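The structure appears below as structure tokens.
Read-outs: derived from the displayed coordinates by stated rules, not from any lab. Only a predicted model underlies this, so the values are computations on that prediction, with no experimental measurement involved. Cβ placement follows ideal geometry from the backbone for every residue including glycine, while neighbour counts extend to all protein chains displayed.
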Number of protein chains: 2
Amino acid sequence: MTCSVDYAPEIRARGYRMTPQRHAILHVLYHSGKHLSPADVYKNAHKELPGLTETTVYRTLEFLAANGLVRPAHIGNGHLVYEIARHEHHHLICRNCGASTEVEHSPFERLYRQLESSTAYKLDSSHVTFFGLCSDCQKGK
Amino acid sequence: MTCSVDYAPEIRARGYRMTPQRHAILHVLYHSGKHLSPADVYKNAHKELPGLTETTVYRTLEFLAANGLVRPAHIGNGHLVYEIARHEHHHLICRNCGASTEVEHSPFERLYRQLESSTAYKLDSSHVTFFGLCSDCQKGK
DNA sequence: CATGCTATTGTAAAAAGTTGCAATAAGGAA
DNA sequence: TTCCTTATTGCAACTTTTTACAATAGCATG
């Protein structure tokens with residue numbers, strides 16, 4: 001259950017506390033390495049920490065996202081999923097078969113600069129999801 | 001209650017049916033011209049059509065989105081809102097004050113082409129939401 | 001204009017997500 | 001190590017969203 005990455009100092013440095021609940025949830029996200037729904041996180045983390053409640057999972061995911069340790073993503077139809085924060089990236093999702101592909105943030109830089117100068121907003125490099133058809137599903141048409 | 005735009009032929013051409021429920025919901029979205037949450041849509045459409053249920057609102061919004069008559073957008077924290085389909089556009093949202101700005105799709109074209117050639121996906125020009133700080137909130141820092 | 005097929009709706013119940021509040025426990029200070 | 005502050009949790013109630021299914025009603029057809 002000890003984790004190769006220790007998030008406690010990061011959390012304490014901001015004046016918050018490391019708890020078994022937060023540890024279990026980070027542990028699950030870290031070792032899965034994928035997008036997980038709150039229900040998935042609960043299912044897995046509950047094995048390690050039987051007292052854990054779903055309420056705490058929702059609140060903790062929001063807390064971790066606000067502090068940059070996990071990243072929320074809008075996948076599919078209006079439901080949030082979360083993944084451990086690593087490199088900045090975005091997703092393309094096939095609206096037919098649901099396949100997903102990661103893309104790096106770098107190709108977005110030019111567009112971001114352009115939007116920033118035309119709108120005076122300072123943009124976060126927060127996760128963006130694009131929808132389309134993957135190459136397999138294009139053939140199927 | 002007669003609407004300046006008649007969506008019935010559009011819907012029938014695809015083999016579906018125009019109903020009072022669909023009409024009322026389109027009417028509300030058309031005349032508001034803004035993003036509305038399912039609850040907002042229900043609140044307004046229910047005035048015109050008292051029998052309308054929330055279940056039907058959710059189903060109808062999903063149906064209309066699937067058929068391109070309304071556009072879903074992920075605003076803020078994981079909740080979907082809908083607006084009547086007009087020109088293609090995207091939104092920048094201030095994560096501090098919630099202000100939102102529309103941007104045209106055209107500046108995105110170059111990025112879309114680039115992503116398409118690197119991933120072999122064919123992208124929809126579906127709505128994308130970016131987060132950041134508006135100019136007022138940048139000053140406030 | 002009447003008929004039949006089936007898309008669409010309402011109802012009811014379940015699932016997913018949120019909120020308020022009192023009890024608990026993390027971790028800095030003595 | 002003990003104490004104290006207050007961040008965090010669990011509980012319970014509530015709101016939002018989804019699903020199953022039988023009843024209803026568009027609308028194409030004759």
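Overview of values
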{"read-out": "Failed item in (1) under 30 Å from A:S135 (Cα atoms); (2) more than 7 Å from every other protein chain (Cβ to nearest Cβ); (3) away from DNA strand D (no atom under 16 Å from the Cβ), with B:K139 passing the rest", "value": "(1)"}
{"read-out": "Residues located in the range B:26-57, provided they are outside any helix (DSSP H, G or I) and more than 13 Å from the chain's Cα centre (by Cα)", "value": "B:L49, B:P50, B:G51, B:L52, B:T53"}
{"read-out": "Selection from the range A:33-57 of residues that are more than 10 Å from DNA strand C (Cβ to nearest atom) and surrounded by 15 or more Cβ atoms within 10 Å (Cβ to Cβ)", "value": "A:H35, A:L36, A:N44, A:A45, A:H46, A:L49, A:L52"}
{"read-out": "Residues that are outside any strand (DSSP E or B) and at negative phi, drawn from the range B:90-109", "value": "B:R95, B:N96, B:C97, B:A99, B:H105, B:S106, B:P107, B:F108, B:E109"}
{"read-out": "Contacts under 8 angstrom Cβ, first residue in the range B:10-25 being under 13 Å from B:V70 (Cα atoms), partner outside any helix (DSSP H, G or I) and near DNA strand D (Cβ under 6 Å from one of its atoms), 6 or more apart", "value": "B:I11/B:R17; B:I11/B:M18"}
{"read-out": "Restricting the range A:1-32 to residues that are small (G, A, S) and at negative phi, the residue that is farthest from DNA strand C (Cβ to nearest atom)", "value": "A:S4"}
{"read-out": "Yes/no for B:L64 being within 14 Å of DNA strand C (Cβ to nearest atom) and buried (at least 19 other Cβ atoms within 10 Å of the Cβ)", "value": "yes"}
{"read-out": "So A:H87, is it within 12 Å of the chain's Cα centre (by Cα), in a loop (DSSP other than H, G, I, E, B) and either at positive phi or not charged (D, E, K, R) (or both)", "value": "yes"}
{"read-out": "The range A:70-105, residues that are farther than 17 Å from B:K122 by Cβ, surrounded by fewer than 16 Cβ atoms within 10 Å (Cβ to Cβ) and within 16 Å of DNA strand D (Cβ to nearest atom)", "value": "A:G76, A:N77, A:G78, A:H79"}
{"read-out": "Selection within the range B:100-124 - out of contact with any Leu (no Cβ under 7 Å at 6 or more places or on another chain) and at the interface with another protein chain (Cβ under 9 Å from one of its Cβ atoms)", "value": "B:R110, B:Q114, B:S118, B:A120, B:D124"}
{"read-out": "Selection within the range A:110-141 - touching a helix residue (DSSP H, G or I) at 6+ places or on another chain (Cβ under 9 Å) and in a helix (DSSP H, G or I)", "value": "A:R110, A:L111, A:Q114, A:L115, A:S118, A:T119, A:S135"}
{"read-out": "Residue, farthest from DNA strand C (Cβ to nearest atom), within the range A:67-99, restricted to residues that are within 10 Å of another protein chain (Cβ to nearest Cβ) and without any contact (Cβ under 8 Å) to a residue 12 or more places away in the chain", "value": "A:N77"}
